[in-house]
Amino acid sequence: MFRVRDKTIKVEAPAKINLYLDVLEKRFDGYHEVKMVMQTVSLCDRLTISVDKSLEDVQLEVINADIPENDDNLIIKSIRLLQEYYQIPPLKIVVDKEIPVAAGLAGGSSDAAATIWGIAELLELQIKQEQLAYLASEIGSDVPFCLLGGTSLAEGRGEKLTNASTLPQCYILLVKPPFGVSTGQVYKAVNPTDEADSRADKIISALSKGSLYKVIENMYNKMENVVFGWHPELLDLTKRLLDFGALTVRMSGSGPTIFGVFESYLDAYNVKKSLLKEMPEHEIFLTTPRDKGVGKEH
Ligand code: ATP
């Protein structure tokens, strides 16, 4: 018997950007140690999860993206993991993808976090926060952050999180060029840093003081060197955003999404309009910092 309060739940799965990303030594388990400052933004995928007893197994429908609807999808992988621990009735999941795929925005990881959280809510599984975080980390290194959201220092392989103050009010223009980048390939090509510098700590301190400018001064992404080498047009895109008045421009995660930070909504809006005219093949989203991770859609 399943005590199902609602038959359906709608869950938001927000994207993230990296305010700081450094890659440190490779560990015995094959992962690299990382030091990152992660920030959730307002761009979201939307999942609708329903109990459907007419089905024999889970069924996934993806709207708006060309990604697998089978066990290769992180949504189904998350359900398979939950099935190892809990009795899960047949579910129908529809995911409306807004977050571009293979973009450095953790779209898949956030969908996984939304699946785990959403199913626990829908079926009233009463899973403790630590167990949710453990399940999330089994799916991928970024998934625990996507569950928690807001702003965090992320260490270990990305799963050790320390909460930080949210980025002060600003407008973040995400620009996704018309190609993807494989995170695995970037890790293979990156030359690890011997010892992390103090910029991540400076960002955390600036966040606690609410100083956007001090955060911006210390933003960094170790992976830019590698990915800009493969795709020099990303450097042109960065320069273009700076010409347009962005306070700073960085790549998110393993890219290729580039983001520009603006203080004024109108400036960000006008830059989005101009860029869309100049480069219509790019996807451009005007977002704001968000102070939480996955959650119920309102
Ligand atoms: P990260 O920032 O965590 O490195 P990303 O944004 O670069 O992630 P994703 O969009 O999560 O990359 O997708 C990377 C790969 O994962 C794609 O090849 C895609 O086919 C696969 N994938 C599996 N499930 C999903 C999902 N639900 N959404 C997006 N991609 C998925």
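The values are calculated or read from the model by the stated rules, or taken from the named source; none is laboratory data. Being a predicted model, the structure only gives us computed values, none of them experimental. Neighbour counts are summed over all protein chains in view; Cβ atoms, including those assigned to glycine, are modelled from backbone coordinates with ideal geometry. With ligands, DNA and RNA removed, areas are computed over all heavy atoms of the protein, side chains included. Shrake-Rupley method; radii C 1.70, N 1.55, O 1.52, S 1.80 Å.
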Being away from the ligand (no atom under 14 Å from the Cβ), touching a Leu at 6+ places or on another chain (Cβ under 8 Å) and of a type outside the set (Gly, Ala, Ser) narrows 127, 139 down to just 127
Residues that are surrounded by fewer than 19 Cβ atoms within 10 Å (Cβ to Cβ): find the helices (runs of 4 or more DSSP H) completely inside the range 105-163 holding 3 or more of those. 129-139
List every residue pair whose Cβ atoms sit under 9 Å apart, with the two residues 6 or more apart in sequence or on different chains, where the first one lies in the range 210-235 and is under 15 Å from residue 186 (Cα atoms) and the second, anywhere, is outside any helix (DSSP H, G or I) and open to solvent by 80 Å² or more (accessible area, probe 1.4 Å). 222/191; 225/191; 226/191
The range 248-296 - residue that is under 30 Å from residue 189 (Cβ atoms) and part of a helix (DSSP H, G or I) and, of those, nearest to the chain's Cα centre (by Cα): 275
Restricting the search to the range 174-184, which residues are surrounded by 13 or more Cβ atoms within 10 Å (Cβ to Cβ) and over 18 Å from the mean Cα position of the chain (by Cα)? none
I'd like the full set of residues that are in contact with a helix residue (DSSP H, G or I) (Cβ under 7 Å, 6 or more places away or on another chain) and either closer than 20 Å to residue 48 by Cα or without any contact (Cβ under 8 Å) to a residue 12 or more places away in the chain (or both), limited to the range 140-157. 143, 146, 147
Name the single residue, out of those in the range 28-53 being at pLDDT 90 or above and open to solvent by 40 Å² or more (accessible area, probe 1.4 Å), that is nearest to residue 213 (Cα to Cα). 42
Condition (residue is crowded, with 17+ Cβ neighbours inside 10 Å, within 16 Å of the ligand (Cβ to nearest atom) and assigned to a loop (DSSP other than H, G, I, E, B)) applied to the range 232-245: is it met by at least one residue? no
Which residue out of 136, 102 is without any contact (Cβ under 8 Å) to a residue 60 or more places away in the chain and over 13 Å from residue 16 (Cβ atoms)? 136
Can you find a residue in the range 166-175 that is farther than 18 Å from residue 19 by Cβ and at pLDDT 95 or above? no
